[in-house]
Amino acid sequence: MRVIVPKPTPTLYEWAGGHEALVKLLTIFYGHVLEDPLLEPVFRHMDPHHAEHVAVWLGEVFGGPAEYSASHGGHAHMIGRHLGRGITEQQRRRWVSLLLDAADEAGLPGDPEFRAAFAGYLEWGSRLAVIFSAPGAEPNLHEPVPKWDWPVPPWQPPSP
């Protein structure tokens with residue numbers, strides 16, 4: 001009798017295409033951000049390596065290597081980048097919209113399960129950014145980097 005061992009479900013990081021795919025996504029995205037009149041003032045003075053740093057963050061959130069925690073200061077550093085910025089709801093919505101468009105442009109997977117997870121994280125994380133950026137906000141800096149996963153496992157054709 002032949003035993004079929006199911007393949008483990010890939011992480012969102014693996015499904016997206018790994019580090020290179022996330023760098024491509026975020027390079028495209030931040031190029032558009034700098035051309036956007038609503039978002040450009042927020043990002044005008046960003047580090048030239050910002051897209052790469054955010055790719056490392058997103059990679060860790062999506063189940064990739066814990067490099068943001070190891071090399072970039074983890075969750076506390078990410079929260080610190082938002083403190084006092086006063087991000088508006090209009091800016092948050094534009095940020096999410098541009099990032100979803102950049103996902104198409106970068107060729108990220110278009111299957112509903114991945115896009116639901118991706119959009120879910122963008123909505124959740126950007127809403128926290130608005131909260132953390134508000135005047136007088138005092139977020140908990142000791143939380144770990146969040147881990148995001150599939151809302152439902154990705155559909156894959158049955159093995160032959």
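In table form, for the structure just shown:
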quantity	calculated
The lone exception for Asp104 - which of (1) open to solvent by less than 40 Å² (accessible area, probe 1.4 Å); (2) within 27 Å of Pro8 (Cα to Cα); (3) assigned to a helix (DSSP H, G or I) it fails	(1)
Pairs where the first residue, in segment 131-146, is over 16 Å from Tyr68 (Cβ atoms) and among the β-branched types (Val, Ile, Thr) and the second is in a loop (DSSP other than H, G, I, E, B) and open to solvent by 80 Å² or more (accessible area, probe 1.4 Å), C-beta under 6 Å, 6+ apart	none
Close pairs from segment 8-33: first farther than 13 Å from Glu60 by Cα and outside any helix (DSSP H, G or I), partner among the aromatic types (Phe, Trp, Tyr) and modelled with pLDDT of 95 or more, Cβ under 9 Å, at least 6 apart	Thr9/Trp15
Complete set of residues in segment 13-33 that are under 16 Å from Leu122 (Cα atoms) and open to solvent by less than 20 Å² (accessible area, probe 1.4 Å)	Ala16, Leu22, Leu25, Leu26, Phe29, Tyr30, Val33
Odd one out for Asp149, checked against (1) within 13 Å of the chain's Cα centre (by Cα); (2) open to solvent by less than 50 Å² (accessible area, probe 1.4 Å)	(2)
Selection status of Pro65, modelled with pLDDT of 95 or more, exposed (fewer than 15 other Cβ atoms within 10 Å of the Cβ) and within 25 Å of Glu143 (Cβ to Cβ)	yes
Residue match in segment 68-81 (condition: closer than 19 Å to Arg127 by Cα and part of a loop (DSSP other than H, G, I, E, B))	yes
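The values are calculated or read from the model by the stated rules, or taken from the named source; none is laboratory data. Being a predicted model, the structure only gives us computed values, none of them experimental. Neighbour counts run over all protein chains shown; Cβ positions are idealised from the backbone, glycine included. Areas reflect the complete protein model, heavy atoms only, side chains present, ligands, DNA and RNA absent. Shrake-Rupley method; radii C 1.70, N 1.55, O 1.52, S 1.80 Å.
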